[in-house]
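This report concerns only the one structure given below.
The values are calculated or read from the model by the stated rules, or taken from the named source; none is laboratory data. Please read these numbers as outputs of a predicted model, since none were measured by experiment. Here the Cβ is made from the backbone with ideal geometry for all residues, glycine too, and neighbour counts use every protein chain on show. Remember, those area values only see protein heavy atoms, side chains included, never the ligands or the DNA or RNA. Shrake-Rupley method; radii C 1.70, N 1.55, O 1.52, S 1.80 Å.
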Amino acid sequence: MKKVCLFLLISGIILRFIIQFIFPAFNGDEISLGNNIKNSGFVELLYPLDSFQSAPPLYLWIQRFIVQTFPFSFWINIKILSFIFSISGLVLFYVFIKRNKFNPIFLLLFIVLIFNPFIVNNSLTVKQYTIDLTGSICLLVYFQSEKFKKYNWIFFLIWSLMSNIGLFACCGYLIYNLFKSNSFNNFGLFLKFIKNNILTILVPIPYVVYFLWFMKQKGAAELKSYMVQYWSDTFIPLNSSIFKYLIFTIHGLWTSIFNAFEIWGVFMMLLIVPFFIFYRKQSLFKEEILLLFCVVLVHLILNVFQMYPFSDRLYLYIAPFFILILGSSLNTLSGFAIIKKHFQKIYIVISISTLFLYVLYMPSNDNNVYLLYKKLNNLEANQVYVTGKSLETINSFDKFTDNKFTTSKKILLLDTELDKSSYVVSRVSKKLKFNSTSPPESEIQNLIKSNRIKRIDWVNGYYIYEIKNK
């Protein structure tokens, strides 16, 4: 099992390097945030950013430092931090596996963490999501150590200045320890708990002070209004629609964290049910799951008060929580007499099947201009039409990468005559669900209805059409 886990770890690192630096792809948020980092100084990054972008100050400063210091192209520099944190999370989980003596139950868990397309792509994006994932894994690895109990405030202080989830983790950690110490039942013990954890309790103050100052700056009110509206559907409704919301959210969780293939995602979600039915004190990963639950609980409470969204990209840090529940549940199932004899074979089949389905879904980034240019260069035409939305994202990509990647074709904005080229490129956003995309742009829908174009090729984020009846 040790060799298998090491092989999976190395494979995961190589996969992330290839996706991050060999076949670069950027979504709109990455480009918008990256351009703010690219064009702003350290002081400017403390203020509200352009394009309704926001990120904690330390994260922005570290990114700016890397951009200024490293000798590579900007697009490479801006991806280094997320790559480092992404592989660090894998290494830390490998340490966790080692501490658990390479329990065979980790085979499927490690496969999910390493190869799940949702986890891979969101942990490599130019956002702080990967810091949250790695922070969660680091927390479950070290929270019981004496050094962590003494110096955890440093860990939470750094994390909270790099991501808001760090604040939730700090509060969740305190709630977990308060619960474990039974201090809430005795005032004297409660005061002792406060004294012993005073530095951890004070951790949120620097970020809260910064946030209060930030909200008084020009553009902050507009940013807040935009973000509340943008995330409005992610807040838990306190009315009858909560049932619809819960179904939608649970669906999002199983397709994101377990598998985008609907049937297999449901199957893996069902595998965690025994954990809740047969939960007992000696359950595997009991303390780790309880700790991460406290962190998620803080997030959910803030969400109820519409203070922080709960949506797909923010599921990333929750992945270890569900992965450990899956492992604990499978470990419980392995003890049932009816399947105990054949459990190992069944488990290996499930693990290999999951990996196979992940491979089918790779890659899943929805704005791959790099591969689009390669496709266009193979077309027998000097000019290519693109829709307005496609032109906008292509120009943003070119600016972001300093025109490092180009096409030999002249790019033309789509017109109604269709007499300057034989091909049209249309922007299409790929959904998490396998092979599911957003509807075609309106002008493309009209051309399809009039039988003027037919789709001949695609890359993630774009369709290529041939113009007919010329």
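Given the condition touching a residue at least 12 places away in the same chain (Cβ under 8 Å), touching a Ser or Thr at 6+ places or on another chain (Cβ under 6 Å), in a loop (DSSP other than H, G, I, E, B) and more than 30 Å from Ile97 (Cα to Cα), answer yes or no: does some residue in the range 10-28 qualify? No: zero hits.
Only one of the numbered conditions (1) at pLDDT 85 or above; (2) surrounded by 19 or more Cβ atoms within 10 Å (Cβ to Cβ); (3) acidic (Asp, Glu) is not met by Asp366, and that is (1). For the range 254-280, the set of residues classified as closer than 20 Å to Val359 by Cα, open to solvent by 20 Å² or more (accessible area, probe 1.4 Å) and part of a helix (DSSP H, G or I) consists of Trp254, Glu262, Ile263, Trp264, Val266, Phe267, Met269, listed by residue number.
Kindly indicate whether any position in the range 282-303 is at negative phi, surrounded by 13 or more Cβ atoms within 10 Å (Cβ to Cβ) and more than 27 Å from the chain's Cα centre (by Cα). So far as the range 282-303 goes, yes, one or more of its residues are at negative phi, surrounded by 13 or more Cβ atoms within 10 Å (Cβ to Cβ) and more than 27 Å from the chain's Cα centre (by Cα).
Counting only residues that are assigned to a helix (DSSP H, G or I) and open to solvent by 50 Å² or more (accessible area, probe 1.4 Å), the range 30-46 holds 3 of them. Look at the range 74-93: where a residue is in contact (Cβ under 8 Å) with a residue 40 or more places away in the chain and within 16 Å of Ile137 (Cβ to Cβ) and a partner is open to solvent by less than 10 Å² (accessible area, probe 1.4 Å) and of a type in the set (Gly, Ala, Ser), sitting 6+ places away or on another chain with Cβ atoms under 6 Å, you get Ser86/Ser123; Leu90/Gly12.
Residues checked against (1) in contact with a Gly (Cβ under 8 Å, 6 or more places away or on another chain); (2) over 22 Å from Ile289 (Cβ atoms):
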position: Met162; (1), (2): no, yes
position: Ala169; (1), (2): yes, no
position: Asn177; (1), (2): no, no
position: Ser183; (1), (2): no, no
position: Leu191; (1), (2): no, yes
position: Ile205; (1), (2): no, yes
position: Val209; (1), (2): no, yes
position: Ser225; (1), (2): no, yes
position: Gly252; (1), (2): no, no
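Selection of the range 103-136 for residues being among the β-branched types (Val, Ile, Thr), farther than 27 Å from Cys171 by Cα and modelled with pLDDT of 95 or more yields Ile111, Val112, Ile114. So is Ile201 over 23 Å from the mean Cα position of the chain (by Cα) and within 17 Å of Ala169 (Cβ to Cβ) or not? Against the criterion (over 23 Å from the mean Cα position of the chain (by Cα) and within 17 Å of Ala169 (Cβ to Cβ)), Ile201 qualifies.
Just one of the listed residues (Ile119, Ile84) is within 30 Å of Asn403 (Cα to Cα), buried (at least 23 other Cβ atoms within 10 Å of the Cβ), under 23 Å from the mean Cα position of the chain (by Cα) and not hydroxyl-bearing (Ser, Thr, Tyr), namely Ile119. If you filter the range 208-237 down to residues that are free of Cβ contacts under 8 Å to residues at least 12 places away in the same chain and not in a helix (DSSP H, G or I), you find that the one that is most open to solvent (accessible area, probe 1.4 Å) is Lys216.
Suppose the filter is within 24 Å of Asn367 (Cβ to Cβ) and over 19 Å from the mean Cα position of the chain (by Cα); does Lys79 pass it? No: the conditions fail for Lys79. Right, Asn446: at positive phi and either at pLDDT 90 or above or out of contact with any Phe, Trp or Tyr (no Cβ under 6 Å at 6 or more places or on another chain) (or both) or not? Against the criterion (at positive phi and either at pLDDT 90 or above or out of contact with any Phe, Trp or Tyr (no Cβ under 6 Å at 6 or more places or on another chain) (or both)), Asn446 does not qualify. Contact map, the range 326-352: first residue closer than 22 Å to Leu290 by Cβ, second residue open to solvent by 70 Å² or more (accessible area, probe 1.4 Å) and outside any loop (DSSP other than H, G, I, E, B), Cβ cut-off under 8 Å, separation 6 or more or different chains; pairs are Ser334/Lys340. Checking the structure you have, find out if any residue of the range 396-404 is surrounded by 14 or more Cβ atoms within 10 Å (Cβ to Cβ), aromatic (Phe, Trp, Tyr) and within 28 Å of the chain's Cα centre (by Cα). Checking the range 396-404: at least one residue is surrounded by 14 or more Cβ atoms within 10 Å (Cβ to Cβ), aromatic (Phe, Trp, Tyr) and within 28 Å of the chain's Cα centre (by Cα). The set of residues in the range 1-36 that are under 20 Å from the mean Cα position of the chain (by Cα) and aromatic (Phe, Trp, Tyr) comprises Phe17, Phe21, Phe23, Phe26.
Considering the range 192-207, and only residues there that are part of a helix (DSSP H, G or I) and either at pLDDT below 90 or not aliphatic (A, V, I, L, M) (or both), the residue that is least open to solvent (accessible area, probe 1.4 Å) turns out to be Thr200.
Among residues of the range 37-63 that are closer than 20 Å to Trp231 by Cβ and among the aliphatic types (A, V, I, L, M), those with a Cβ under 6 angstrom from a residue that is open to solvent by less than 70 Å² (accessible area, probe 1.4 Å) and outside any loop (DSSP other than H, G, I, E, B), sequence gap 6+ or separate chain, pair up as Leu49/Asn36.
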